[in-house]
Amino acid sequence: MNEPLLYSVDDHVATITLNRPDTLNAIDEATHIALVDSLLEVRNSPDVRVILLAAEGRAFSAGGDLNQIVRLQEDAQLREQTCDVGIRLIEALLDTPVPVVAALQGDAIGLGASVALCADIIVASRTAHLADTHVKVGLVAGDGGCLTWPMAMGLNRAKRYLLTGKMLSAEEACEFGLITDLVDTPEEALPAAKALAEEIAALAPLAVKGTKKALNQLSKARANEVFAIGMAYEQISLASEDVLEAVAGFKERRRPRFSGR
């Protein structure tokens with residue numbers, strides 16, 4: 001079995017690569033934990049000056065694992081544990097002391113979009129898409145969506161996409177401020193992101209780290225306003241019947257019939 005995450009350091013750049021291409025890099029419990037561990041390793045490494053966040057396969061990340069969602073609906077203790085790991089992941093991303101450059105060669109959906117949007121610089125292929133589809137599967141967009149989307153594109157526009165789960169093209173996402181850099185093809189995303197990471201790594205590390213830590217305070221202030229309550233509501237929605245109906249509708253290729261229970 002492949003490791004869910006690959007981690008390496010070269011010339012002051014730590015590369016963290018999602019490595020579940022067969023599942024479109026769906027973020028299951030093991031991937032959650034591996035991401036947190038890698039971010040903590042960066043924090044404790046004086047040699048790392050930049051993080052390069054990448055993914056194997058045709059998608060950056062399809063978000064949460066549908067099979068995991070069914071297990072969460074049935075198990076209250078597992079829901080609490082998983083939400084705790086989710087909180088630790090977003091908090092670790094927001095508290096990372098070095099810049100994060102993300103390479104989106106393909107789609108970033110749900111939690112995958114939240115992880116990508118926690119980066120400081122986001123390079124995406126024009127063929128990629130972004131969406132937070134939590135509401136489409138009966139869930140509250142608590143694991144970063146209600147935090148990262150308004151910070152990047154403004155509150156009113158974020159409402160439009162978080163409340164509908166509508167997908168954005170990379171070009172639209174760039175126009176609205178979610179993405180910083182566009183490349184023409186999926187193959188160009190990682191090299192372009194790597195070049196930016198290397199450019200930053202060559203700068204004065206104290207200056208870059210100090211700037212990054214100051215910027216983190218803005219993100220953490222916004223997180224203090226919305227993140228905890230968003231995760232609390234998501235944990236409640238994970239126990240709903242609508243979650244099971246959403247999964248059944250997806251597997252049966254039909255529109256789900258939500259009851260509000």
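The values are calculated or read from the model by the stated rules, or taken from the named source; none is laboratory data. What you see is a predicted model; the values in this text were computed from it and never measured. In this analysis, Cβ positions are derived from the backbone assuming ideal geometry, glycine residues included, and neighbour counts consider all displayed protein chains.
Considering Lys251, Lys209, Lys194, the condition of being of a type outside the set (S, T, N, Q) and modelled with pLDDT under 95 is satisfied by Lys251 alone.
Mind listing whichever residues of the range 210-219 are exposed (fewer than 15 other Cβ atoms within 10 Å of the Cβ) and either among the charged types (D, E, K, R) or closer than 27 Å to Leu78 by Cβ (or both)? Listed by number, the list holds a single entry, Lys213.
The helices (runs of 4 or more DSSP H) located wholly in the range 181-261 include none with 2 or more residues which are touching a Cys at 6+ places or on another chain (Cβ under 8 Å), aliphatic (A, V, I, L, M) and farther than 21 Å from Leu93 by Cα.
Among all residues of the range 191-199, there is none that is over 30 Å from Pro46 (Cα atoms) and surrounded by 13 or more Cβ atoms within 10 Å (Cβ to Cβ). Can we say Leu5 is in contact with a Ser or Thr (Cβ under 9 Å, 6 or more places away or on another chain) and over 16 Å from Gln105 (Cβ atoms)? Here the answer is yes, as Leu5 does meet what is asked. Annotation note: of Val208, Val183, the sole residue that is more than 20 Å from Pro46 (Cβ to Cβ), touching a residue at least 40 places away in the same chain (Cβ under 8 Å) and in contact with a helix residue (DSSP H, G or I) (Cβ under 8 Å, 6 or more places away or on another chain) is Val183. Checking each residue in the range 25-42 for being crowded, with 18+ Cβ neighbours inside 10 Å, touching a residue at least 40 places away in the same chain (Cβ under 8 Å) and among the hydrophobic types (A, V, I, L, M, F, W, C) picks out Ala26, Ile27, Leu35, Val36, Leu39, Val42. Counting only residues that are at pLDDT below 90, within 16 Å of Val137 (Cα to Cα) and of a type outside the set (A, V, I, L, M), the range 43-73 holds 6 of them.
Quick grid of which residues meet (1) at negative phi; (2) touching a Pro at 6+ places or on another chain (Cβ under 9 Å):
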{"position": "Asp107", "(1), (2)": "yes, no"}
{"position": "Leu111", "(1), (2)": "yes, no"}
{"position": "Leu117", "(1), (2)": "yes, no"}
{"position": "Ile121", "(1), (2)": "yes, yes"}
{"position": "Leu130", "(1), (2)": "yes, no"}
{"position": "Gly138", "(1), (2)": "no, yes"}
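Counted as qualifying within the range 67-162 are the strands (runs of 3 or more DSSP E) with 1 or more residues that are farther than 17 Å from Gly177 by Cβ and touching a residue at least 40 places away in the same chain (Cβ under 8 Å), namely 100-104, 121-125.
Do the conditions hold for Ser45, that is, is it of a type in the set (S, T, N, Q), free of Cβ contacts under 8 Å to residues at least 60 places away in the same chain and surrounded by fewer than 20 Cβ atoms within 10 Å (Cβ to Cβ)? Considered against the rule, which asks whether it is of a type in the set (S, T, N, Q), free of Cβ contacts under 8 Å to residues at least 60 places away in the same chain and surrounded by fewer than 20 Cβ atoms within 10 Å (Cβ to Cβ), Ser45 comes out as yes.
Of all residues in the range 25-52, those satisfying the criterion of being outside any helix (DSSP H, G or I) and either in contact with a Cys (Cβ under 9 Å, 6 or more places away or on another chain) or over 21 Å from His134 (Cβ atoms) (or both) are Asn44, Ser45, Pro46, Asp47, Val48, Arg49, Val50, Ile51, Leu52. Within the range 249-261, does at least one residue satisfy the condition of being under 23 Å from the mean Cα position of the chain (by Cα) and more than 30 Å from Ser45 (Cα to Cα)? Checking the range 249-261: at least one residue is under 23 Å from the mean Cα position of the chain (by Cα) and more than 30 Å from Ser45 (Cα to Cα).
Taking Ile51 as the residue in question, decide whether it is more than 14 Å from the chain's Cα centre (by Cα), buried (at least 21 other Cβ atoms within 10 Å of the Cβ) and of a type in the set (Val, Ile, Thr). Criteria met by Ile51.
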